[in-house]
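This report refers to the structure that appears directly beneath it.
The values are calculated or read from the model by the stated rules, or taken from the named source; none is laboratory data. Computed from a predicted model, the values in this text were never measured in an experiment. Don't worry about glycine lacking a Cβ; one is built from the backbone with ideal geometry, like all the others, and counts go over all protein chains shown.
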Amino acid sequence: MTVRRPLIAAAVLSLGVLSLGAAACTQAETDRAEVEAEQAGEKAEDLAAQTGEVIEAGAMKAAQAVETGAAKVADKLEDNQAEAAAEGRPGAVDPATDQRVPSN
C-alpha cells in the first residue's frame with residue numbers, strides 16, 4: 001500500500017500539471033487569437049476607410065462631370081435665348097437684361 005500511494009499521488013500531480021499546462025496553452029492561444037482579431041479589426045477598419053475614400057472620390061468626379069455638363073447645356077441655352085431675343089422672337093429672354101421679349 002505504501003508504494004501505491006506515492007504512485008497515485010504522482011499520477012494526480014501529473015494530471016494537475018497537465019491540466020495547468022493545457023490551461024496555460026489555452027490562455028496563450030486565446031491571447032494570440034485576441035491579438036489576431038484586433039489586428040484583423042484594424043485592417044478591416046483601414047480597408048473600410050480606403051473604400052470610403054474611393055467611393056467619395058468617384059462621387060466627386062461624377063458630380064464634377066454633371067456640373068461641367070450642366071454648365072455646357074446652360075451656355076448653349078443662354079446662346080439660343082440671346083439669339084432668339086435678338087431676333088425678337090416672343091417669349092425669349094435676353095440673358096444680358098433678363099427681359100422677356102413680349103408677344104405682339
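From the list Ala48, Ala10, Ala63, Ala59, the one residue that fits, being farther than 30 Å from Arg89 by Cβ and modelled with pLDDT under 90, is Ala10.
For every residue, the table says whether it meets (1) modelled with pLDDT of 60 or more; (2) among the polar types (S, T, N, Q).
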| residue | (1), (2) |
| --- | --- |
| Gly21 | no, no |
| Thr26 | yes, yes |
| Glu36 | yes, no |
| Gly52 | yes, no |
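Under the condition of being more than 30 Å from Gln99 (Cα to Cα) and small (Gly, Ala, Ser), the residues counted in the stretch 36-85 number 13. Scanning the stretch 56-89 for residues that are surrounded by 11 or more Cβ atoms within 10 Å (Cβ to Cβ) and assigned to a loop (DSSP other than H, G, I, E, B) yields one hit, Arg89.
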